[in-house]
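To start, the structure itself, in structure tokens.
None of the figures in this text is laboratory data; all of them are computed from the coordinates on show. Keep in mind the model is a prediction, meaning the values are calculated, not measured. Cβ placement follows ideal geometry from the backbone for every residue including glycine, while neighbour counts extend to all protein chains displayed.
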Amino acid sequence: MQTRQHLSCAQAKKRFVEWASLFSEKIFVQIAVYCDESGTGGFDKKGKDPIPTVYGYIAHVDYWVNEFHSEWQAVLDEYKVPYFHFYELTKKGREDSESPYHKWSDSKVDYFLDDLSIVAGRVAVPCGSHGTLKGGKDPYKKIFELFFKDCFNRIEEHWPNFNERVDFFFEFNNRKWSNQILDVAVEFGKKEKRLGTPAFPKWNDPINGLPLQAADLLAFSQRQSAAYFFENNRRVRESRIIDFALLRNLFPKGHPHRISNLDDRGQAKLVRRFRDKKDIRDVSNDINRLPKKDFFPMEFLKEYRELGKKLNL
């Protein structure tokens, strides 16, 4: 269990604003990407491929300062927890008496993830890559290269005329990964001049900690989807509720592949409708002694269309 010290919300917000002011006024950084890795610990004792992933969120600095910070902190305050860390929220993580989520029910976890996912995916643009450790040399290097490539592809889609520097903030894991990311960034930067030197703040950093928590949420959840992909003959799994919220801005508004073009209120309302529908199915399965099934929101929307009902969003 990692030990983390935390400033008060007001102190953290003050330092975050001071940091952003420094960047926006003196260094002219306009876009910041917060990133995290998952599954980079190598094969487990049973030889299972962890499916390493690197994912992050892209947004203007003023968004991270003026909107995201307070919105994410509000969710943490509502659930009375000091931070978000996906691993500690898993069933195994919740067994640890030092976890802030110790003895939480599955239902409470689901609602907590829903609320955080709505905040994480409301404005910021997701980017990332994943891979497998089987076959090929230096798979981690390849995944890092694909990560930077995908990030700049997303920037081209969402900010086609943006020509300023893009700064990347990776949650510090260890020196080995930091050095490898830096090596890849140096090579990638020879072709992509907008790439700034990556920084590696720590998890409990009062300035960058909260955006890194959103990156952790995205990276961990997308590793789950990537694992399904490789374990099922490269078949893409349908979007779950968490995917629907986290990947909202994967494509720009109006794009035919965009998950939702609803406004913020409509998006949040729809996510909660999804959760209500899943809860009903879970209770029904429990009563009938059936196992819980994966829930995919698109199935719910199809049911409404077939019944001719409107969502009134």
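Summary of values
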{"read-out": "Pairs from Lys134/Lys176; Lys253/Lys278; Lys80/Lys108; Lys108/Lys269 whose Cα-Cα separation, in the structure shown, is over 23 Å", "value": "Lys253/Lys278"}
{"read-out": "The stretch 82-150, dipole about Cα centre (Lys/Arg Cβ +1, Asp/Glu Cβ -1), debye to the nearest 20", "value": "340 debye"}
{"read-out": "In nm, spacing of pseudo-spin labels at Val283 and Asp62 (7 Å Cα→C-beta vector)", "value": "4.6 nm"}
{"read-out": "Percent of Cα-Cα distances greater than 16 Å, calculated over the stretch 44-127", "value": "62 percent"}
{"read-out": "The stretch 152-236, relative contact order in percent, only Cα pairs under 8 angstrom and at least six apart counted", "value": "26 percent"}
{"read-out": "FRET efficiency, Arg175 to Asn204 (Cβ-Cβ, R0 22 Å, nearest 0.05)", "value": "0.75"}
{"read-out": "Dimensionless Rg over Rh [the stretch 134-196; C-alpha; Kirkwood]", "value": "1.00"}
{"read-out": "Virtual spin-label span in nm between Lys141 and Asn163, 7 Å along Cα→Cβ", "value": "3.3 nm"}
